[in-house]
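Just below is one structure, and these are the notes that go with it.
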Amino acid sequence: MRRRKFPPVTAAYASAMRSTSSAGGLVGCISDASIHVPHVLSCCHEPPPRDRGHIPPALRPSNLKSSEASNGRPEHIVNASQAHRERLMITDFSKPTAPSLDKRWRLVDATMRRLGNHSRGLIETLHTVQETFGYLDEEALRYVAISLRVPLSRAYGVATFYHFFTLKPAGKHTCVVCMGTACYIKGAPQLLSTLQHELSLNPGETTPDGQVSVLTARCLGSCGLAPAVVYDHEVAGKVKPQDIRERLTKWTRHDC
Amino acid sequence: MTAEELEQIAEDEHAARSEFPHRVNVCVAAGCISCQSQNVKDAIDKEIAQRGWQKKCQSKGVGCMGLCAEGPLVSTGTGALYQHVMASHAGAILDSLEGPAPERLVCRTDVPFFQRQKKIVLENSGIVDPERIEDYVGSSGYSALIRVLTEMTPSEVVQEVVKSGLRGRGGAGYPTGLKWSTVAKAGGAQKYVICNADEGDPGAFMDRSVLESDPHRVIEGMLIAAYAVGASEGYIYVRAEYPLAIKRLRTAIRQAERIGVLGASICGTRFSFRIEIRLGAGAFVCGEETALIASVEGKRGTPRPRPPYPAQVGLFGEPTLINNVETFANVPPIIRNGGEWYAKIGTEKSKGTKVFALAGRVMNTGLVEVPMGITLREIVFEIGGGIPDGRAFKAVQTGGPSGGCLPSQYLDMPVDYESLAKAGSIMGSGGMIVMDDSSCMVDVAKYFMDFCMTESCGKCVPCRVGTYQMNELLGKITARTAEAADVAMLEELCDLLRNTSLCGLGQSAPNPVMSTLRYFADEYKAHIEEKRCPAGVCGHAAAEQAL
């Protein structure tokens, strides 16, 4: 893959982004960040300028011994390798630390590393976060945005644009009703109204005790089994309202 | 990997297959998996072990056999097909290999559903194990790639595809050969090939089935395309809602890299190609090519005006070839058998076969592959087996939210790109939903408009605002509070959206409304003038809450 060479995140940039986490909502923090580091807003598509002040003194090109620096090679090659070394060093020192010691962040880091810590890996990274944590919260969005050097607004924009991402944790059990055309004409609306009636909530909501979430899907592709419902990641076909009632009773009775 | 090595793998595979006198194939595609076919396979494996038949009977999981509604399906080497198989039937199935077949499980294969189909894209579905590359190679897999790399120049490959008359299977039907030659001619050191597997149409599951049943075929098609246009990197953009397809694609890519048909210097030539998977995240608009490119780049999936077309300025600003799963799946057989062979199938302007996902109010729901030019009546009444419960046929919906509803007078119309467009629908990706008299067409139109409204990306005003207004008007009609002027307004909006929207989503969003207005005007009239719903659907509390 041909990658554009982006200067790395600097410690100053990362800490500035972190320091804003005390600000209330997502929108608030973006404007906050702009006070501390103006380029967060002004350089939406460009990474922040490299800050050489954060290279450890011993590694600064000017402080390297001449044998290390030139080694008898033409000057432009020496400079190129030094630039390369600089870049590596800064990245190593300024990589934003994960929000917590939770080992699941390593999976997220691994995804970002696989995609070269590039902004084009944003959707893939959010998928990993959702897969490992179940949903995307502010902390996760903030961490991913800093790591991939994208404005938080873009991470939030992507997370809310795509239906697959959710910013709220799902309940202990999930019940996804397929609303594809085949399911729709074979009675999916009745299934949904049964759920709404039994649990008194709307699609996309979770019961107050956090037990059951009711969701709808555009199409599961199980049209041969219409109407289809997914109970806790398990597809059930030709579902009748009675089946849903039974499943809900099972979930509440066994408390499993 | 050389041609000889590949042949060796195929020979080994044939030898291994012929060692077993008996074979049992269990469908492990998504439809049957959700009917617990994995348990059936485990039970059969256990039974084989218990009987000590390990050297006598080979069992394998295979892709979709088509008749999804009757799953789990099991086929045997004797040519028998069994439906609704449970784990407890494992013994009976094995007995049938050397004795009489269990009558109550037998699924007849001499019926039109199986006899009328012509399988090109699905030729390996239900036969090869999607998780073993050797099985695919044993069914002449990757032989088209070898042929292309050793005997043909890129322009010859493009010519072969042009000769075949293959058209894009994603919906619009753009000639594939023309697209390939545009990308091949485009300058630029780096080009990309993208496989569009973002099957967002509700009611369509062809791409999912192909990816789950025969992932290597899609990879081979992409490799041939990449060689023809001079690309070295590829992406498969697949819906995150299809976890099994993603898993099998990942396995397939790993295996292809292992045997050396994917990666650097393929088959000892200078041709290199890598494929990465990108997951969609549930946005229908990402099926549109420029929106898909934005999504692969990690951005919100919003389309941009064309030209420039992706063939000139696509992914990361480089020339990009985007084709649908089914289009790529058609490529290896075209190369193997020649473009002329393919051009003999189908009609004058629509060549080859098309896979349809037949669903809704029809007896045999599932996946069917038929030659272009077959009539709707043949699909619905012969292959599909007609309408269940003695009800009357009302309409068939093709093309999902971008298509239209065709009434019974179009049943004898041949299915090809032009005829469908003329009748006010589109071929689309291949979803085909049959409706009987229990469906209200105004309600169906509202269902699709609601879909388009929710899925509109919001970039252009006609689509963002127009779909909302149309949905409101349709809501008024289904609530039976509308007046005649509302229909006039609806028609005006249809025209506006169609002519001024930025991308295909907005331009085709009025299709369901226009086709129902055209063919089912009496139903609109009943809602507005008589304040009643002839099908008795509208006003049903559930239907209204759901939307």
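Values in this text are rule-based calculations from the coordinates and carry no lab data. None of the values given here were measured: they were computed from a predicted structure. Cβ atoms come from the backbone with ideal geometry, glycine included; neighbour counts cover every protein chain shown.
Under a Cβ-Cβ cut-off of 12 Å, what is the net charge of the residues other than residue A:195 that fall near it, where Lys and Arg count +1 and Asp and Glu count -1?
Neighbour charge sum, excluding residue A:195 itself: -1.
Residues with beta-carbon under 15 Å from that of residue B:215, excluding residue B:215: net charge, scoring Lys, Arg +1 and Asp, Glu -1?
Its environment carries a net charge of -4.
Give me the one-decimal Kirkwood hydrodynamic radius in Å for region B:114-222, with the sum taken over alpha-carbon pairs.
Roughly 15.8 Å, rounded to one decimal.
How fast does region B:237-288 diffuse by Stokes-Einstein, in µm²/s, taking the Kirkwood radius from C-alpha pairs at 25 °C and 0.890 mPa s?
198
In whole Å, what are the Cα extents of region B:4-70 along the three principal axes, biggest one first?
The principal-axis extents, from largest down, are 41, 30, 14 Å.
Using amide H atoms built 1.01 Å from N in the peptide plane, name the residues 5+ places from residue B:278, or on other chains, whose amide H lies under 5 Å from its own.
Counting only residues 5 or more places away or on other chains, the set is B:236, B:237, B:238.
Can you give me the three principal axis dimensions of chain B from its C-alpha atoms, in Å, biggest first?
Sorted largest first, the three principal extents are 73, 62, 40 Å.
Over all directions, what mean area does the Cα convex hull of region B:1-120 project, stated in square nanometres?
Quarter of the Cα hull surface area: 8.8 nm².
Which three extents, in angstrom, do the Cα atoms of region A:155-256 have along their principal axes, listed largest first?
41, 32, 21 Å, listed from the longest principal axis down.
Enumerate by residue number the GluC sites (Glu not before Pro) in region B:420-502 meeting two conditions: DSSP loop (anything except H, G, I, E, B), and at most 16 other Cβ atoms within 10 Å of the site's Cβ.
B:483
Rounded to a whole number of µm²/s, how large is the Stokes-Einstein D of region A:109-154 at 20 °C and 1.002 mPa s, given Rh as the Kirkwood radius over C-alpha pairs?
Roughly 209 µm²/s, to the nearest whole number.
Return, for the Cα atoms of the protein assembly as shown, the radius of gyration and Dmax in Å, separated by a comma.
Rg and Dmax of the protein assembly as shown, Cα atoms, are 27.9, 95 Å.
Just how far, in whole angstrom, is region B:73-138 from region B:211-230 if you go by their alpha carbon centroids?
The distance from the Cα centre of region B:211-230 to that of region B:73-138 comes to 27 Å.
Can you put B:406, A:220, B:244 in order, fewest other beta carbons within 10 Å first?
Lowest to highest Cβ neighbour count: B:244, B:406, A:220.
For B:527, A:173, what ranking results if the residue with the fewest other Cβ atoms within 10 Å of its Cβ goes first?
Listed from fewest to most nearby Cβ atoms, that is A:173, B:527.
Restricting attention to region A:101-130, which trypsin sites (Lys or Arg not before Pro) occupy a DSSP loop and are surrounded by at most 11 other Cβ atoms within 10 Å?
Qualifying residues, ordered by number: A:103.
Please compute P(r) over all alpha-carbon pairs of region B:442-523, binned at 5 Å starting from zero, and give each bin as a whole-number percent.
3, 17, 31, 27, 15, 6, 1, 0
Where does each of B:111, B:368 land when they are ranked from fewest to most other beta-carbon atoms within 10 angstrom?
If I rank by nearby Cβ atoms, fewest first, I get B:111, B:368.
What is the pair-distance distribution P(r) of region B:174-314, computed from all Cα-Cα distances in 10 Å bins starting at 0, with each bin given as a whole percent?
Result returned by the calculation: 12, 40, 38, 10, 0.
Any idea what % of Cα-Cα pairs in region A:175-223 are farther than 16 Å?
Value for region A:175-223: 35 percent of Cα pairs lie more than 16 Å apart.
Return the equivalent ellipsoid semi-axes of region B:142-201 as a descending list in whole Å, where each equals the square root of 5 times an eigenvalue of the C-alpha gyration tensor.
Sorted largest first and rounded, they come to 21, 15, 13 Å.
Figure the gain on full extension for residue B:337 and residue B:306 (residue separation times 0.36 nm, minus the Cα-Cα span) and round it to one decimal in nm.
7.6 nm
With the convex hull built on the Cα atoms of region B:388-547, state its orientation-averaged projected area in nm².
9.3
Hey, what's the Kirkwood Rh for region B:301-430 if you take every pair of different alpha carbons, in angstrom?
Roughly 16.7 Å, rounded to one decimal.
Find the eigenvalues of the gyration tensor of the Cα atoms of region B:315-364, then list the square roots of 5 times those eigenvalues as equivalent ellipsoid semi-axes, largest first, in whole angstrom.
Working through the eigenvalues yields semi-axes of 26, 21, 10 Å.
When every alpha-carbon pair in region A:197-256 is counted, what percent end up more than 17 Å apart?
Pairs farther apart than 17 Å: 42 percent.
Would region B:240-367 count as rounded, prolate or oblate if I go by the C-alpha gyration tensor, calling it rounded below 1.5 in a/c and otherwise prolate when a/b exceeds b/c, oblate otherwise?
rounded
Need the C-alpha centroid separation for region A:156-182 versus region B:422-453, integer Å.
Here the answer is 24 Å between Cα centres.
List the GluC sites (Glu not before Pro) within region B:1-72 that fall in a DSSP loop (any state other than H, G, I, E or B) and whose Cβ has at most 11 other Cβ atoms within 10 Å.
Here the GluC sites (Glu not before Pro) that fit, given the DSSP loop and packing criteria, are B:19.
Report the rotationally averaged projected area of region B:85-166 based on its alpha-carbon convex hull, in square nanometres.
Mean orientational projected area (region B:85-166, Cα hull): 8.8 nm².
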